[in-house]
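**Q** Quick one: structure below, then a few questions.
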Amino acid sequence: MKNEGEKSEKLENISTFRCFLPQILASSAKNLLLLDLGMAVSFPTIVIPALRGLKEHDSNDILSFTAEQASWFASIAFIFQPIGSIASGIVLEPLGRKKSMVLVNIPHIIGWTMLHYASSLTELYIAAVLLGLGVGFMEAPIITYVGEICQPSIRGVLTSCAGVAVMIGISLVYLLGSITTWRLTALICCTVPICTAVAICFVPETPFWLLAKNRKDEALKSLMWLRGWVKNPKHVESEFNEIVRYSEESNRCVSCHKNDSKCIHPPATARELLKELKRKRTLKPFFLVIMMFAFAQFSGLASMRPYFVQIFQAYSIPYDASWATVVIGIMGFFANIVCVCLVKPLGKRKIALISMTGACISIISLAIYSYIVLPSGLTSFEKHTVHADSNNSLGYIPLTLIYLMAFFTSLGLLPVPWMILSEVFPFKSRGLATGITAALNYTMAFFTTKTYFNLESSLSLFGVIALYAVIDVLGFIFIYCYLPETEKRTLEDIELHFSDNNKKLKDINIPKNKSVLSVDDSKKGCNNIAFEGDNNKY
């Protein structure tokens, strides 16, 4: 009796901090990948003005861009990112989340090295392609990993930290581009994927994936590591049993689901997984997430990012355009910090609505300013030496509005789609569906970045800003009508919601199961009770 009492006492002494710390460390190792992602997507912003002669750079550098070549360099990585995303969705299940996150660093190491030593535009394009493939490949394992290792009470906070890592990468590249050459910046960036590969070797594979591969003992050890490095399996017994049940339930074939019987059939084949993509429980969250990504990509910030230096010059801002671009990265960083702080008390839906409201107001105001002040037909791709010396005091207005647009867009519009992407897909199709969704997102990123030059040349700077303002208004309407709240819901709560064929997209309330409501997850951090009973019928 005494020994049992001592064991019980030890089980109760696992603090919430100790339980959460390994999840934070594992997410931080993963976030190094996102730091590299931020560097990759922002790198054209410092290369384009240097090679187009819009800012001082190394006089010995023989490379130069035309406007058309600059638009290709800004966007070519995005068109290859879908290939990486689809490839990651394919290899994610056989290799696992951890090995995939290690392998993704290889193309980035090669890409950054090529950028440093590039002696022709062809080499620049090839390096950009490698970075694009790496960025696309990393999305599915990153998103799936963090969704499967975290408890519901901190999953929203840790997934929102991804945006912070991306913005640190963006800000770092902007800063380095302002104080040194783009070649040296590329060499510095090359150290990040090397450190990332080493860090990820020290974190465990997800229990969900290990159970799907019938490696139950390893899954238990992984969960014990993630819930406070506990040595006694009884600490995680309740949660582990729930994960086992959820894994078995999720991996049942369709016929066994219909008959509500235990599945003894072999694992799903590639053809069966493709069929799973066509089921409503996958299509409904797919439509939701892809529309969120569409509004994020076409809201204005993503399209304008590679050309901020020349856009600032066109608006005659009273500061050096390169340093003004650095502030955009800082604004995005602070916006993501605010998102991390607010996601738990407010939830993802309210943050997205606040974000879109602020983005709408700022970009509509910028469009009005552009219509009133800028000369008719002005584009940022022209030389602005004469224009930049006039109306200098008015330059504070567009500068402030662009900063506000960057802040509010980074607050929720950019991070929230990635946050819900890690939650909304059913376990069976999660890896492949996540990869395909990320691929389509990057296809849209290529389209919006590549066509910016053509849009601005056709519509003028005012016209393209007005177009993005209209898109932002439509985005607010969509978020208000269709985005559900997933914060503090288990993965099973969310899966059951989208699996209910009686619910339409406008049914945005995802109820918590009673077993979840009875657990104060912030205090009993080692529990992840999801569902009890026989109602899990798809």
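**Q** Where residues in the stretch 99-109 are crowded, with 23+ Cβ neighbours inside 10 Å and touching a residue at least 60 places away in the same chain (Cβ under 8 Å), which of them is nearest to Val41 (Cα to Cα)?
**A** Here the answer is His108.
**Q** Of the residues Cys150, Cys161, which is closer than 25 Å to Ala197 by Cβ, touching a Leu at 6+ places or on another chain (Cβ under 6 Å) and of a type outside the set (Gly, Ala, Ser)?
**A** Answer to the selection: Cys150.
**Q** Next up: Being touching a helix residue (DSSP H, G or I) at 6+ places or on another chain (Cβ under 7 Å), modelled with pLDDT under 80 and under 30 Å from Thr486 (Cα atoms), is that true of even one residue in the stretch 93-110?
**A** Among the residues of the stretch 93-110, at least one is touching a helix residue (DSSP H, G or I) at 6+ places or on another chain (Cβ under 7 Å), modelled with pLDDT under 80 and under 30 Å from Thr486 (Cα atoms), which makes the answer yes.
**Q** Could you go through the stretch 168-176 and let me know if any residue there is open to solvent by 10 Å² or more (accessible area, probe 1.4 Å) and more than 19 Å from the chain's Cα centre (by Cα).
**A** The answer is yes, given that some residue of the stretch 168-176 is open to solvent by 10 Å² or more (accessible area, probe 1.4 Å) and more than 19 Å from the chain's Cα centre (by Cα).
**Q** Hey, another quick one. When you scan the stretch 429-524 for helices (runs of 4 or more DSSP H) that lie fully inside it, which ones turn up with 2 or more residues that are over 21 Å from Lys284 (Cα atoms) and modelled with pLDDT under 90?
**A** In the stretch 429-524, the matching helices (runs of 4 or more DSSP H) lie at 430-450, 452-482, 514-517.
**Q** Any residue at all in the stretch 327-343 that is free of Cβ contacts under 8 Å to residues at least 12 places away in the same chain, open to solvent by 10 Å² or more (accessible area, probe 1.4 Å) and in a helix (DSSP H, G or I)?
**A** Among the residues of the stretch 327-343, at least one is free of Cβ contacts under 8 Å to residues at least 12 places away in the same chain, open to solvent by 10 Å² or more (accessible area, probe 1.4 Å) and in a helix (DSSP H, G or I), which makes the answer yes.
**Q** Look through the stretch 41-73, keep the residues that are open to solvent by 10 Å² or more (accessible area, probe 1.4 Å), among the aliphatic types (A, V, I, L, M) and at pLDDT 75 or above, and return whichever of them is nearest to Tyr442 (Cα to Cα).
**A** Checked the stretch 41-73; the qualifying residue nearest to Tyr442 (Cα to Cα) is Val41.
**Q** Could I ask something else about it? Take the conditions part of a loop (DSSP other than H, G, I, E, B) and either small (Gly, Ala, Ser) or surrounded by fewer than 22 Cβ atoms within 10 Å (Cβ to Cβ) (or both) and apply them to Ser393. Does it pass?
**A** Considered against the rule, which asks whether it is part of a loop (DSSP other than H, G, I, E, B) and either small (Gly, Ala, Ser) or surrounded by fewer than 22 Cβ atoms within 10 Å (Cβ to Cβ) (or both), Ser393 comes out as no.
**Q** Tell me which of these Ser376 doesn't satisfy, since it passes every other one: (1) open to solvent by 20 Å² or more (accessible area, probe 1.4 Å); (2) at pLDDT below 90; (3) outside any loop (DSSP other than H, G, I, E, B).
**A** Condition not satisfied by Ser376: (3).
**Q** Please go through (1) in contact with a helix residue (DSSP H, G or I) (Cβ under 6 Å, 6 or more places away or on another chain); (2) open to solvent by 20 Å² or more (accessible area, probe 1.4 Å); (3) more than 24 Å from Arg18 (Cα to Cα) for Gly163 and return the number of the only condition it doesn't satisfy.
**A** Tallying (1) in contact with a helix residue (DSSP H, G or I) (Cβ under 6 Å, 6 or more places away or on another chain); (2) open to solvent by 20 Å² or more (accessible area, probe 1.4 Å); (3) more than 24 Å from Arg18 (Cα to Cα), Gly163 fails exactly one: (2).
The values are calculated or read from the model by the stated rules, or taken from the named source; none is laboratory data. Since the model is a prediction, treat every value here as computed from it, not as a measurement. Glycine also receives a Cβ, built like all others from the backbone with ideal geometry; neighbour counts cover every protein chain displayed. Accessible surface areas use protein heavy atoms only, side chains included; no ligands, DNA or RNA. Shrake-Rupley method; radii C 1.70, N 1.55, O 1.52, S 1.80 Å.
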